[in-house]
Amino acid sequence: MAEQNFSRAAIKAGNNAVITGGASGIGLAAAERFIQNGMNVLIADLDEEALEQAKETLGEKASGGARIMAHVCDVSQVDQVKALADFAADALGDVSVLMNNAGIAMDTGKPWENGDKWRKLIDINLWGVIHSTQAFVPAMLAHGKPGLVINTGSKQGITKPPGGSAYNLSKAGVISFTESLAYELRQLEDGNLTAHLLVPGFTYTGMISKWIPEKPEGAWTSGQVVAFLFERLEEGDFYILCPDNDVTPEIDRRRIQWYADDLIKNRPALSRWHPDYEEEFAAFMEGADK
């Protein structure tokens, strides 16, 4: 069921958007789209050099008096996120769209290894979303204008494939947090703020390019993800589950169903990758790519 739709009232000329992780990838593509709608945009990122380059690129595409601002911010540090919110309030005024997109991926090893790496990844991917929400949402509620909070999750937070335990945990946390946020906002009388969960498919971003130098045919571009995001925001969707060039919506649905059935049927954890269930899973997925 679609959420009450405030996207048109929030994403319009003269309104203000803040994007963490806005110097590249999906965040940068979203900033370009907001600018096309005449919005003022503040991008935040930890990489100062990339941030300045992104600001310059966005400035070249801005028109109609749209303002582009940039602010260095480590979202894992609550004081820096509060400073970002203060900067946004002083420089832009009321924020209508908050996009919590900052995230990292790294090899953290097995669940019993590399505790420092686990903490760093979770501090950015999950606590960064929490910090930003808590820093911005009270003011967004106080000004009372229609607004959106968009949190970037991952399919790995849903089906939890082996090999990325810490990343899976962080994104599963983002999903849970965003669901709770959406519910609580829905309880507010005359509330004009909604939360939305963006779940990209295989997307070729700067983070992915560290391991894969050239874009695979199966991957979407960041621009395609953002185009799909705007399409589904227009419909008021909460779960914005993106396909890609290899994975159809039906494939996603069946993979998610299989994962949910692990709990219902009391199968072994992550049975999709268990040799005893290989044939059953293959039969379950047959025809889903059509």
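Computed from the coordinates by the stated procedures, all read-outs in this text should not be read as laboratory data. Keep in mind it's a predicted model, so treat the numbers as computed, not measured. Here the Cβ positions follow ideal geometry from the backbone for every residue, glycine too, while neighbour counts run over all protein chains shown.
Tell me which chymotrypsin sites (Phe, Trp or Tyr not before Pro) from segment 191-236 have a DSSP coil assignment and no more than 12 other beta carbons within 10 Å of their own. Mind showing how you got there, number by number?
On the way: sites: Phe202, Tyr204, Trp211, Trp220, Phe228, Phe230; in loops: Phe202, Tyr204, Trp211.
Loop-located and lightly packed - Trp211.
I'd like the distance separating the alpha-carbon centroids of segment 107-172 and segment 2-66, in whole Å.
Each part reduced to its Cα centre gives a spacing of 21 Å.
With springs only between Cα atoms under 10 Å, which of Thr20, Thr248, Thr221 fluctuates most in a Gaussian network model of the chain?
Taking springs between Cα atoms under 10 Å, the residue moving most is Thr248.
For the chain, modelled as a GNM with alpha-carbon contacts under 10 angstrom, which of Gly164, Gly27, Gly147 fluctuates the most?
Residue with maximal mean-square fluctuation among Gly164, Gly27, Gly147: Gly164.
On each of the three principal axes of the Cα atoms of the chain, give max minus min coordinate, whole Å, ordered largest first.
Extents along the principal axes, in whole Å: 60, 40, 34.
Under the 0.36 nm per residue contour assumption, what length would be gained going from the current alpha-carbon distance of Glu179 and Ile208 to full extension? Please report the intermediate quantities before stating the final value.
On the way: separation 29, 0.36 × 29 = 10.44 nm, distance 2.66 nm.
Result: 7.8 nm gained on full extension.
Counting other C-beta atoms within 10 Å, which of Val247, Val18 has the fewest, and how do the rest follow?
Numbers: Val247 18, Val18 30.
The fewest-first ordering by Cβ neighbours comes to Val247, Val18.
Would you calculate the separation in nanometres between label points at Thr57 and Arg8, each defined as 7 Å from the Cα along the Cα-to-beta-carbon direction?
With each label placed 7 Å out from Cα toward Cβ, I get 3.1 nm.
Rounded if a/c is under 1.5, else prolate if a/b beats b/c, else oblate: with a ≥ b ≥ c from the C-alpha gyration tensor eigenvalues square-rooted, which is segment 248-290?
Oblate.
Once every DSSP H run of n ≥ 4 in the chain is given -39500 (n - 2.57) and the sum is divided by its residues, what mean residue ellipticity at 222 nm do you get, rounded to the nearest 500 deg cm²/dmol?
Values: 12 runs with 140 residues, N = 290.
Result for the chain: -15000 deg cm²/dmol, rounded to the nearest 500.
Taking the Cβ of each residue in His196, His143 as the centre, tally the other Cβ atoms inside 10 Å and list the residues starting with the fewest.
His143, His196
In segment 131-274, with Lys and Arg counted as +1 and Asp and Glu as -1 at Cβ, which of these residues, Ala227, Ile251, Leu141, has the Cα nearest the positive end of the dipole, that is, farthest along it?
Positive-most Cα among the choices belongs to Ile251.
Would you mind working out the magnitude of the charge dipole of segment 7-246 relative to its Cα centre, with +1 at each Lys and Arg C-beta and -1 at each Asp and Glu C-beta, to the nearest 20 Debye? Mind dumping the intermediate values first?
On the way: 19 positive and 29 negative charges, 63 e Å.
Once rounded to the nearest 20, the dipole reads 300 debye.
Among the lysines, select those whose C-alpha is under 27 Å from the C-alpha of Lys82, and discard any that sit fewer than 8 residues away in the same chain.
Lys12, Lys55, Lys117, Lys120, Lys145, Lys171
So which lysines pass the test for Lys215, namely a Cα distance under 20 Å, with those fewer than 8 places away in the same chain ruled out?
Within reach: Lys155.
Compare the Cα positions of Leu181, Ser63, Ala288 along the charge dipole of the chain (+1 at Cβ of Lys, Arg; -1 at Cβ of Asp, Glu; about the Cα centre) and return the one farthest towards the positive end.
Of the candidates, Leu181 comes out farthest on the positive side.
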